[in-house]
Every structure is written in C-alpha cells, then in structure tokens.
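What follows is a single structure, written as structure tokens, with notes after it.
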Amino acid sequence: MQFSERYGYKPIREIIQKESINTNLKNSLWNTISECIFNEYSRPYLARANLISGSNLESFFKLLFHSYFKKRIDQIPYSIESTIAEIDTLFFKTYKWYEIYDFIEACLDYFPFDLDEKESFATLLNSCLEIENSVYRIINYRVTEITSEQEIQSIEDALINTNPYSGVQQHLNQSLKLMSDRQKPDYRNSIKESISAVESICKIVTNEDKATLGKALKIIEDKHGLHAALKGSLSQLYGYTSDADGIRHAMLEESNLSYIDAKFMLVACTNFINYLIEKTT
C-alpha cells in the first residue's frame, strides 16, 4: 500500500473502486481474459496461420461480434492477433469503466470451454477484483455490487468528522489500510482498529479516558439519550470483537475472517461515530 493510502491522503473512492477501474485493475482483468480465453487458442487442423475460421475460438468470436459488438461476423479479422488487437483498442482506449464490465459479462456468457474452466475463469476474475479493492464481484456469472454508495459515504464522512480527533481518525485510517492492503490484507486487526475508533470517540465524548466501552455507552445513554436498541447493538459489536474468531486474543490458528467481515465492521463503526459526533456536538 502506498504512502498516500496508508495515511489517508488518497480519496476513499480511489482506494475502494466504485464506478471506476484503475490501470492496475484493468490490466489484471485483461490478463485474466487473455490467459483463460485468448491464449487457449488452437489453430484449425493443418492451417499454417493463426486463423479464426475453423479454430476453437471461432464460435466465441462470432457470438461476441454478433450479440455483443453488434457487428457483421464477416468483419471479424482473419487472424487471432488482429482480432485481439481490435478488442484491445476497445478495452484500453475506448471503453468506459462500465463497458469493461459489460465486456467481462459477455466473455462469461460466451465462454468457449467447459463449465469447470468457466468457474476457474470467474474465480480468477474475482481474485483480481478483490486484490484491487473493487466494490464488484462475479456472482452467478454477473458483475454484482457488494459495497453500496451509502457505505462508502459513511467512511468518507467519518474521516472528515474526526478531523478534530486525531486518535479516532488514526484508528479509522489504520482499519481502512489493513482491510484494503493489496499485498497482505489483515482483516482481524482491521476489525480491531474499527472498534478501537468507537472506543476512542466514546472516551472523548464522555471525558472518561479509562472508561470501558460498556461504561462509556451508559454515560452517553444517560447524558444524551442514546436509544437502548442502539446501545445494545454497539455492545454486541464489542462482544463480537472480543469473542468471534479470537480477534482480541493472541491465537495461533489462522483466522477465517474475510473482506466482508472487515468492511461490515468499518461501516458499522463509522455510522455510529458519525451519529455520536452529530448528537453530542
């Protein structure tokens, strides 16, 4: 992860890719399509050139040109190299971010090999999307959003609202950093940092440096009228971090926590932080 991401200088939307595809993700997706489809090309029997006609990818390209590109199939270039070059230009120079996802769905729809290979293709695409922190995943062979606009907005708002509280902001930045690290994400400690941000803001609001989260929530409830159901939800989240998967304990076994777990905790905690700051200031 780069300096600008680690210390919160890069906008959230550049870290969590929604309605955009950066160069790294675009290259990763293209490489996956190349490896799983284009590079599996085999020549027609006895042919001396890499012709499309008669090859194992002929039907794939015909479907793409007819049903997706809406072009005449007799305009398909003769060679595999020319055909890929034409698609390359569209993918890297012409297409907007959403058209790239349209093209990926078309590749899944017209995938030219067996179901097991198609599953592997979808898995590799998902790996690219996860590594590059896209909000989209391949689910049932469709590109599906897994992070909403409201969730991203909550994180952005919390980082702005906590400007006066450097300790809280540091916990949130660290949580985001650990969750979105492209090389080695640490979901366990990302969750820990999210709940630590809540603990920090509660101590600030109550002016009780040594208060546990439970005690701080009770003070806030008495002083500001915190709804009992909301207090209960926060207490349960705190219990989750204390118990589930040994997040707050030095366990030796490998964690089974995922991006979804870390994202849920970060969004839940930023929602509460935003609520608490607005309610008490």
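Mind checking which pairs have a first residue in segment 140-166 that is surrounded by fewer than 20 Cβ atoms within 10 Å (Cβ to Cβ) and among the hydrophobic types (A, V, I, L, M, F, W, C) and a second that is at pLDDT 85 or above and part of a helix (DSSP H, G or I), Cβ under 7 Å, 6 or more apart or different chains?
V143/Y101; V143/I104; V143/E105; L159/Q169; L159/L172
With respect to S82, is the statement that it is assigned by TED's automatic domain parsing to the domain that holds F111, outside any helix (DSSP H, G or I) and without any contact (Cβ under 8 Å) to a residue 60 or more places away in the chain true? Before you say what the answer is, go through the steps one by one.
On the way: assigned by TED's automatic domain parsing to the domain that holds F111: yes; outside any helix (DSSP H, G or I): no; without any contact (Cβ under 8 Å) to a residue 60 or more places away in the chain: yes.
In short, no.
Looking at (1) under 25 Å from L115 (Cα atoms); (2) in contact with a Ser or Thr (Cβ under 6 Å, 6 or more places away or on another chain); (3) surrounded by 14 or more Cβ atoms within 10 Å (Cβ to Cβ), find the lone condition where T32 falls short.
For T32, the exception is condition (2).
When segment 120-160 is examined, which residues are found to be assigned to a strand (DSSP E or B), at pLDDT 85 or above and either among the small types (G, A, S) or in contact with a strand residue (DSSP E or B) (Cβ under 8 Å, 6 or more places away or on another chain) (or both)?
Those that are assigned to a strand (DSSP E or B), at pLDDT 85 or above and either among the small types (G, A, S) or in contact with a strand residue (DSSP E or B) (Cβ under 8 Å, 6 or more places away or on another chain) (or both): S134, Y136, R137, I138, V143.
Counting only residues that are more than 22 Å from Y101 (Cβ to Cβ) and hydrophobic (A, V, I, L, M, F, W, C), which one in segment 58-78 is surrounded by the fewest Cβ atoms within 10 Å (Cβ to Cβ)?
Among those residues, the one meeting the criterion is I73.
The values are calculated or read from the model by the stated rules, or taken from the named source; none is laboratory data. Predicted model only: the values in this text are computed from it and were never measured. All Cβ positions, even for glycine, are placed from backbone atoms using ideal geometry, and neighbour counts span all protein chains on display.
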